[in-house]
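Asker: Sharing a structure with you now.
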Amino acid sequence: MKKINKILICIIFALTLICLVFLTNLNNLMADTINEQIQYNDKIIEDDFENDEVLIVINKTSNTKLWNYSAADFKEIDCSSVNYLTQNYSNFESFSKDEIDNTEGSQIILRLKLKIKSKENVLNVIKELNKRDDVVEAYPNYIGRIENIETESNIAEDLWNMNGQYGINARYATNLGGSEEVKIAILDTGIDGNHPALKGRLSETNHKDFVKNDGFCIDLDRDELNDVLGHGTHVAGIIAAESDKLNGICENVKLFSYKVAADDRHYNDARIIMALEVAASNGIELINLSLAGNASSAALENKIKWYKGLVICSSGNLGNNIDEVKENGKYAKPSYPSNFELDNILSVGATKSDGTKAEIEDWGGKVKASNYGKDSVDIFAPGTDIYSTTSVAKGSYVKMSGTSMAAPHVTGVAALIKSIVPNINARDLKDAILSNCDTDYRLKDYCTTGGSLNAWKAVSSVAYKLDSNGMITGLNTSPKREILIPSILNNIDVTGISKDVFANTDITEVSFEEYSPIKIIEESAFKNCAKLNNIELPYSLLKIGKFAFENTSISQICIPKYVSEIGDYAFYNNANLKIVEFTQNSQLSSIGGFAFSNCTNLSSVNFGENSQLTSIGKRAFKNCALSEIEIPKNVTSLGAYIFEDCENLATIHFNAHIRQHYKIRIVCVF
């Protein structure tokens with residue numbers, strides 16, 4: 001009996017061991033199954049993506065059913081509906097397989113709606129779809145969320161971002177460009193179509209909503225536009241607002257609202273892909289994408305790659321180095337689309353008002369800070385306490401912070417450049433912006449350029465024509481209001497302004513950069529600029545050509561020390577000119593004939609002490625309002641009738657040793 005009991009105990013023990021081994025293996029098997037379910041390739045369940053949608057790229061070369069996919073074609077995955085995110089290729093029926101395959105940018109991307117709502121199911125479906133010959137690859141429909149900080153203030157204050165010390169230097173750039181032919185699609189939360197500062201900038205029709213009807217595109221007119229969050233409206237205002245409170249960067253541009261983010265701030269890859277497709281089909285070559293997500297698909301990457309225009313995006317607000325790479329070669333803390341390595345993406349980080357990278361304390365701790373990356377972020381722009389438009393229901397104007405605010409500064413500059421060079425391609429447009437930034441040692445480790453946006457440098461680089469000698473020979477635009485003459489263009493010192501360059505334009509004020517190297521203003525350079533009322537000539541100037549400032553509205557002029565010659569008719573017919581001054585020790589040797597003739601309000605001419613003037617041409621001061629004038633002692637030659645019709649002239653002081661005076665005849669009323 002004891003022996004039997006021992007045998008039973010052994011049997012029970014053995015069975016127990018067998019059960020334990022079985023259960024252990026079963027657990028391992030289940031764990032492997034679960035792991036297989038929640039991870040497929042580099043797609044993991046922790047990523048943010050729609051729980052009932054999958055994106056697939058169709059293999060065009062191995063299939064003839066390009067244009068009529070339906071849910072019935074995906075029975076193995078319980079698909080409820082199919083829609084084309086890119087063009088429906090029914091017009092390709094007459095094309096050969098090679099013609100379809102070689103059609104530039106013709107990637108076919110479908111969105112499959114699934115009956116089961118489960119992220120695990122999405123990953124399993126992707127695994128199944130990737131077994132099909134007609135599928136290049138399947139992806140989750142990744143989700144992102146728009147983030148920004150709204151400041152409880154609607155006071156403009158100094159608009160530091162536009163023209164402050166570390167702003168973008170927008171004042172003169174804005175005056176060089178702007179055209180309604182330039183179209184910008186703002187992929188965002190929508191735009192308030194009734195905002196008075198934006199109504200004139202928004203197209204009357206052809207706006208899009210990719211949110212309302214489950215991701216399908218809905219056409220909207222301007223008056224139908226709304227923006228619950230105000231984020232897209234704020235972006236639009238930075239680019240192109242027009243009001244007594246705020247003027248955006250680019251005038252006369254046409255804005256299009258492409259709503260891709262819902263009122264809960266969420267967007268997904270499918271909406272952006274559709275928006276890019278629609279923008280391309282409508283001839284829009286500038287996209288502002290003030291959003292950033294930590295996961296994305298190659299489907300979106302490839303769609304951007306084949307988009308003809310430039311996509312300007314925000315780098316994100318998590319304070320991450322988005323260049324950081326994990327051991328497996330994947331980005332550790334990515335931000336998309338910034339991390340896509342494409343020539344037509346321009347990624348923008350955010351600065352604060354002292355020009356440094358925006359940090360967590362600058363944004364009140366509500367979001368972390370500007371993302372950065374020496375390889376993935378291209379440039380920085382203002383993104384802290386940016387005053388702009390918001391939805392009328394939210395107060396019309398507000399300050400916001402975030403890289404979402406930095407990106408549209410670059411978009412506005414890109415629009416100015418494109419208005420001047422309409423056919424510029426995306427790569428050259430991007431280069432014009434990046435190669436003309438303001439480098440700053442404080443940003444050198446944070447972005448590719450090591451600098452921040454300078455609107456005027458970028459725009460002037462394409463606005464002016466320069467020859468190999470540094471002479472400005474022409475313009476690619478029609479400037480207006482105030483203009484600034486650059487010292488350097490495309491790494492060449494600007495040495496002068498050639499004949500007729502600014503003639504007959506609507507400029508009102510001309511300034512020169514400090515330490516300008518300009519030496520000559522040639523014939524008729526500013527002739528017939530009837531609105532020109534102010535100019536401060538550069539210290540380096542040596543010569544003013546004939547007719548240079550004929551028929552302008554300048555009221556006062558100071559001739560720099562080293563100018564040696566003023567040409568014939570140089571300031572002829574300037575009815576508003578009242579005062580002409582020369583510096584001490586002026587090197588001027590000659591004033592041409594009729595130089596100041598018909599300046600009917602010119603009442604004061606001061607040649608300064610120790611003037612080197614030797615010659616005054618005929619009728620140089622004809623028909624002026626002078627009552628008294630002193631001729632410098634070094635003058636040796638006076639032309640004929642130099643004070644003809646100066647009816648108020650009572651006193652002329654001759655301290656000169658005049659050797660040659662031809663027919664000096666002073667006609668005046670004493």
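Yes/no matrix, rows are residues, columns are (1) open to solvent by 50 Å² or more (accessible area, probe 1.4 Å); (2) part of a loop (DSSP other than H, G, I, E, B); (3) among the polar types (S, T, N, Q):
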site	(1), (2), (3)
S553	no, yes, yes
I557	no, no, no
K561	yes, yes, no
Q612	yes, yes, yes
K618	yes, yes, no
K622	yes, yes, no
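Asker: When the residues of the range 192-224 are narrowed to those that are within 19 Å of R111 (Cα to Cα) and assigned to a loop (DSSP other than H, G, I, E, B), which ends up farthest from the chain's Cα centre (by Cα)?
Answerer: D214
Asker: Based on this model, can you work out whether I191 counts as touching an Asp or Glu at 6+ places or on another chain (Cβ under 6 Å), in contact (Cβ under 8 Å) with a residue 12 or more places away in the chain and not charged (D, E, K, R)?
Answerer: So I191 passes the test.
Asker: Let me ask something additional. Would you mind stating whether S478 is modelled with pLDDT under 95 and buried (at least 22 other Cβ atoms within 10 Å of the Cβ)?
Answerer: no
Asker: Could you say whether any residue in the range 634-647 is open to solvent by 50 Å² or more (accessible area, probe 1.4 Å), at pLDDT below 95 and closer than 26 Å to I520 by Cβ?
Answerer: Looking through the range 634-647, at least one residue is open to solvent by 50 Å² or more (accessible area, probe 1.4 Å), at pLDDT below 95 and closer than 26 Å to I520 by Cβ.
Asker: Related question: In the range 509-551, what residues are small (G, A, S), at negative phi and assigned to a loop (DSSP other than H, G, I, E, B)?
Answerer: S516, A525, A530, S540, G545, A548
Asker: The conditions are (1) surrounded by fewer than 21 Cβ atoms within 10 Å (Cβ to Cβ); (2) within 19 Å of the chain's Cα centre (by Cα), and K394 fails exactly one of them. Which is it?
Answerer: (2)
Asker: So, one more: Please enumerate the residues belonging to the range 504-522 that are over 18 Å from N469 (Cα atoms), touching a strand residue (DSSP E or B) at 6+ places or on another chain (Cβ under 7 Å) and of a type outside the set (G, A, S).
Answerer: Matches in the range 504-522: D506, I507, T508, E509, V510, F512, E513.
Asker: If you don't mind, there's one more thing I want to ask. Only one of these conditions is not met by S296: (1) touching a strand residue (DSSP E or B) at 6+ places or on another chain (Cβ under 7 Å); (2) part of a helix (DSSP H, G or I); (3) under 14 Å from F340 (Cα atoms). Which number is it?
Answerer: Unmet condition: (2).
Asker: Kindly provide the set of residues from the range 169-183 that are closer than 11 Å to N252 by Cα and part of a loop (DSSP other than H, G, I, E, B), ordered by number.
Answerer: G177, G178, S179, E180, E181, V182
Asker: Sticking with this one: Is it true that L416 is surrounded by 24 or more Cβ atoms within 10 Å (Cβ to Cβ) and of a type outside the set (D, E, K, R)?
Answerer: When the stated conditions are applied, L416 passes them.
Here is a yes/no grid of residues against (1) touching a Gly at 6+ places or on another chain (Cβ under 6 Å); (2) modelled with pLDDT under 95; (3) surrounded by fewer than 21 Cβ atoms within 10 Å (Cβ to Cβ):
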| residue | (1), (2), (3) |
| --- | --- |
| Q165 | no, yes, yes |
| A173 | no, yes, no |
| G190 | yes, no, no |
| H195 | no, no, no |
| I218 | no, yes, yes |
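Asker: In addition: Mind listing whichever residues of the range 590-610 are outside any loop (DSSP other than H, G, I, E, B) and closer than 11 Å to V580 by Cα?
Answerer: S604, V605, N606 - these are the residues of the range 590-610 that are outside any loop (DSSP other than H, G, I, E, B) and closer than 11 Å to V580 by Cα.
Asker: Here is a further query. Can you tell me which residue in the range 496-521 is nearest to the chain's Cα centre (by Cα), limited to those that are small (G, A, S) and either surrounded by fewer than 20 Cβ atoms within 10 Å (Cβ to Cβ) or more than 11 Å from Y539 (Cα to Cα) (or both)?
Answerer: Result: S511.
Asker: Starting from residues that are open to solvent by 10 Å² or more (accessible area, probe 1.4 Å) and not in a strand (DSSP E or B), keep the ones in the range 260-270 and report whichever is nearest to G402 (Cα to Cα).
Answerer: R265
Asker: Here is a follow-up. Looking only at residues that are open to solvent by less than 30 Å² (accessible area, probe 1.4 Å) and closer than 18 Å to L602 by Cβ in the range 530-549, which one is farthest from the chain's Cα centre (by Cα)?
Answerer: Checked the range 530-549; the qualifying residue farthest from the chain's Cα centre (by Cα) is I544.
Asker: Let me ask something else about it. Would you pick out the residues in the range 307-345 that are of a type in the set (G, A, S) and not in a strand (DSSP E or B)?
Answerer: Scanning the range 307-345 gives G309, S315, G316, G319, G329, A332, S335, S338.
Asker: Condition check: crowded, with 22+ Cβ neighbours inside 10 Å, outside any loop (DSSP other than H, G, I, E, B) and touching a helix residue (DSSP H, G or I) at 6+ places or on another chain (Cβ under 9 Å). Does V462 satisfy that?
Answerer: Criteria met by V462.
Asker: Now for a different question. Give the residues of the range 537-585 that are among the polar types (S, T, N, Q), at pLDDT 95 or above and under 23 Å from S637 (Cβ atoms), sorted by residue number.
Answerer: S564
Asker: Now, a different point. Out of everything in the range 307-331 that is more than 22 Å from T411 (Cα to Cα) and of a type in the set (S, T, N, Q), what residue ends up being surrounded by the fewest Cβ atoms within 10 Å (Cβ to Cβ)?
Answerer: The qualifying residue surrounded by the fewest Cβ atoms within 10 Å (Cβ to Cβ) is N328.
Asker: Let me ask another. Might you check whether a residue that is in contact with a His (Cβ under 6 Å, 6 or more places away or on another chain) and either among the aliphatic types (A, V, I, L, M) or assigned to a loop (DSSP other than H, G, I, E, B) (or both) occurs anywhere in the range 396-414?
Answerer: The answer is yes, given that some residue of the range 396-414 is in contact with a His (Cβ under 6 Å, 6 or more places away or on another chain) and either among the aliphatic types (A, V, I, L, M) or assigned to a loop (DSSP other than H, G, I, E, B) (or both).
Asker: Pick from the range 271-292 the residues that are in contact with a strand residue (DSSP E or B) (Cβ under 9 Å, 6 or more places away or on another chain) and open to solvent by 10 Å² or more (accessible area, probe 1.4 Å): which of them is modelled with the lowest pLDDT?
Answerer: A292
Asker: Considering only residues that are modelled with pLDDT under 80 and open to solvent by less than 30 Å² (accessible area, probe 1.4 Å), look in the range 140-152 and name the one that is farthest from A407 (Cα to Cα).
Answerer: My answer is I149.
The values are calculated or read from the model by the stated rules, or taken from the named source; none is laboratory data. From a predicted model like this one, the values you see are computed outputs, not experimental measurements. Ideal geometry is used to build each Cβ from the backbone, glycine not excepted, and the neighbour counts take in all protein chains shown. With ligands, DNA and RNA removed, areas are computed over all heavy atoms of the protein, side chains included. Shrake-Rupley method; radii C 1.70, N 1.55, O 1.52, S 1.80 Å.
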